[in-house]
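Only one structure is covered here, and it is reproduced in the block below.
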Amino acid sequence: MNWSQVCEDTQLQDLPYKIELNEWGNIVMTPASNRHGSIQMKIGFLMMSQMGHGTVLSECSVDTSKGVKVADVVWASSEFLDRNRGQTPYIEAPEICVEIISPSNTQEEMMKKKDLYFSRGAREFWLCDEDGNMAFHNNKGQIDASGIFPQMEGKIEAEV
């Protein structure tokens with residue numbers, strides 16, 4: 001079996017002892033491709049190049065009502081960092097939480113994560129598909145562009 005097969009194998013979506021905790025305390029993993037990693041880094045780089053303050057984090061853990069979820073990329077303001085410095089996982093969500101859909105993710109799963117991040121205080125949720133298409137959301141629904149990073153691209157070009 002090669003890594004592509006691992007990422008696409010639906011039987012491997014919920015392996016124990018890996019990335020996130022579900023609401024029952026079970027450890028679950030979603031395998032990520034190299035393309036996923038490339039998109040993740042590109043989004044983080046674009047955020048860093050556009051921000052005036054705050055911090056960009058990858059693999060940011062947030063304690064939610066359905067367990068610990070790990071956002072692929074987040075942007076946290078200086079104020080957020082002052083309130084939450086040293087916590088792992090954060091008990092509140094950073095202002096922007098970004099998820100990149102992997103082959104083993106479903107749209108429904110991502111929308112549930114969106115709701116969990118908003119319930120913990122996120123102001124925006126960005127969803128990027130495997131082709132690099134971005135969808136921006138606030139707590140009222142999908143929006144045309146980010147209100148926090150209005151220059152953020154609607155399409156992320158992956159290098160792999």
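The values are calculated or read from the model by the stated rules, or taken from the named source; none is laboratory data. Since the structure is predicted, the reported quantities are computational estimates derived from the model, not experimental observations. Every residue, glycine as well, gets a Cβ built from its backbone with ideal geometry; the counts of neighbours run over all protein chains shown.
Only residues that are assigned to a strand (DSSP E or B) and not polar (S, T, N, Q) were counted in region 41-67, giving 7. All of 49, 58, 65 fail the test of being loosely packed, with under 12 Cβ neighbours inside 10 Å, modelled with pLDDT of 90 or more and touching a helix residue (DSSP H, G or I) at 6+ places or on another chain (Cβ under 9 Å), apart from 65.
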